[in-house]
1. For region 122-292, with only Lys/Arg (+1) and Asp/Glu (-1) charged at the beta-carbon, what is the dipole magnitude about the Cα centre, in debye rounded to 20?
2. Given labels modelled 7 Å from the Cα in the Cβ direction, how far is it in nm from residue 526 to residue 81?
3. Over region 314-417, one equal point on each Cα, no solvent: what is log10 I(q)/I(0) by the Debye formula at q = 0.18, 0.22 Å⁻¹?
4. Looking at the square roots a ≥ b ≥ c of the eigenvalues of the Cα gyration tensor of region 425-512, which shape do they give, rounded for a/c under 1.5, prolate if a/b is larger than b/c, or oblate?
5. Is the shape of region 122-292 rounded, prolate or oblate, going by the alpha carbon gyration tensor and its root eigenvalues a ≥ b ≥ c, with a/c under 1.5 for rounded and a/b larger than b/c for prolate?
6. For the pair residue 97 and residue 300, what calculated FRET efficiency results from E = 1/(1 + (r/R0)^6), where r is the Cβ-Cβ distance and R0 = 45 Å, to the nearest 0.05?
7. Using a 10 Å cut-off on Cβ atoms, rank the peptides 344-357, 362-375 from the highest mean neighbour count down.
8. Based on DSSP H runs of at least 4 residues, each adding -39500 (n - 2.57), what is the mean residue ellipticity at 222 nm of the chain after dividing by all its residues, to the nearest 500 deg cm²/dmol?
Amino acid sequence: MESFPLSPNGKLDRKSLPAPDDEAYVRRGYEAPVGEMEETVAGVFAEVLGVERVGRNDSFFELGGHSLMAMRVLSRLRSAKLRIDVRDLFSYPVVQDLAARIPFLELALLPAIEPVKEHQDLPLSFAQQRLWFLSQMEGVSEAYHMPAALRLSGTLNQAALRFALDRIVARHEVLRTRFVVVEGEPVQRIDAAEAGFRLEHRDLSGVPDREERLSVLVVEEARAGFDLEHGPLVRGCLVRLGEQEHALLVTMHHIISDGWSIGILVKEFGALYAASCAQQADPLPELSIQYGDYAHWQRQWLGGEALEQQAGYWGRTLSGSPTLLSLPSDYRRPAQQSYEGSRVSLELDLDLTERLKALSQRHGTTLFMTVLSGFAVLLSRLSGEQDIVIGTPVANRTQRETEELIGFFVNMLALRMDFTGQPTVSELLRRVRETSIEAQAHQELPFEQVVERIKPSRSQAHSPIFQVMFAWQNNEVADLELPGLRLSGLESESSVAKFDLTLDLSETDDGIVGSLEYATSLFKSETVERYGRYLVRLLEAMTRGEDERVSQLPMLPAEEREQLLVGWNATEVAYPSETTVHGLFESQVEASPEATAVVFEEERVSYGELNRRANRLAHELVALGVRPDDRVAICVERSVAMVVALLA
């Protein structure tokens, strides 16, 4: 190509690029797979990666594979009754090596998910059960709303819109599920397919300040509560802004959906809307199972040996892990977690992204693992801890039948990071790689069951096991295209935070972008912005010094380092050098005896009271025979008593 196609805003227009040929993907000379096993593995790699052919010498990760794609590879190979888990794929990413390994693997295959024969009240999945319980607490449910807002410019076919939304609700039982209590336990109750999608209509076309009103409406729709017992748990609002201008607001409760589900919703809505506009039949194939079947299967499967095997791993891994990660915060932690939050944006430019990719390739890690390592360094350096736990979500769709379902499948993995022994960047990457792969190999056990097994100290002030999360957004969400319409997103400020701090990132054409979501009850925005800058510097340093100890990597900008080491330490002032320290103290006592002299936790002591306590102890020391210039050892915890002892 003589030049790259550009979008109107001057960025690379990837959609206008010609389709690359096979050689653009293959890192090594192409050699056709040999034998049935290699052909099967190569075929699965090609399907998941979206390339035409894969040779026997090609590596899954060098061709662009990542952790989420790895799980899709596993589900397809397992569907072919091949025994493999994620550790094998990371250890043997080359087609011929993995194919040679498969016959020797010993792995119990998951039983297939079968439809529940009789339509009945169904159990909640473990993830749903925990979210149902949390939603009973005041102020918590809003943190688990999933809002989306689109501006639709052009000729809108409202009949096609209604058909698409109604058909999706009919197609996915979970979207017409309510959660009712029967004999003290919540169950899933599914409404009839004819229930349809609840769509409210609003007309702002004649309102002078309609854009301001729309912004308010977007926030109101996102925050409006859901009734889990009576439903529905998905709702929409179609706002008319003009003859050729509309906005579609859709909000779901997390208990019936997740990030992967958004991709399914977008894909199916686009297909159904287009089919209706063209007066064609529903083009989507029937679903073989529903979410309720999965929940029933999960309860059955996790009732025996599988539970013990998975639980054993998490019990060993998290035994003795710290209860709370205490980061430097601006406010004292409230007695009850508030879930109020905000976020600041974060961006890693294309140059740094490419260097991080190169670092990942040298150490056999994914980009997720490498950035996770940098985030872990940040948290360790800020907290001063060498043992920290970070949560990360996984799609948890390890069986192919679940890939086309809307529902709450996502699971949380608790990744324990070990900084003992002053690891170098290379050593930390090795540790994080090993931890991540092992955790993914045991991802089927719901986090709720992990908590039950570990039995950590529980508190209403923070979440159990971990309080910081790292989310790598690599769910495949296709661009929504609707005939006759131009689509654009409507943004609204985030006002919730499920954890103390959440790093949320995704890779784009311009690098890595995302945000740091934070609890406003703990942090100010400027503090979190500063943490974001620290992370960028640490990642930059990692790419330049693989043999450096992570505790020595530069983290502070030059001006902040100067302020900490020089500016704030420039405390020299003139004082009467012929006077003793205790003499200066007594002068202050005479000048302001009621002023606060010492603060420790909840205790505040005035100069007068501190002087009286010190004098009492001094007289006691004299009575014990202490004379001027004698040395007196002090063994005391950091407290008011320590100051009293020093003065005495």
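1. That gives a dipole near 260 debye.
2. 6.7 nm
3. Relative scattering, expressed as log10 I(q)/I(0), comes to -1.25, -1.31.
4. Working: a/c = 2.16, a/b = 1.56, b/c = 1.38.
Because a/c hits 1.5 or more and a/b exceeds b/c, region 425-512 counts as prolate.
5. oblate
6. Details: r = 35 Å, r/R0 = 0.79.
With R0 = 45 Å, the Cβ-Cβ based efficiency is 0.80.
7. The peptides rank, most packed first, as 362-375, 344-357.
8. For the chain, the value works out to -12000 deg cm²/dmol.
Read the figures in this text as sums done on the coordinates, not as results from a lab. For clarity, every value in this text was computed on a predicted model and none was experimentally measured. Using ideal geometry, Cβ is built from the backbone for each residue, glycine included, and neighbour counts are taken over all protein chains shown.
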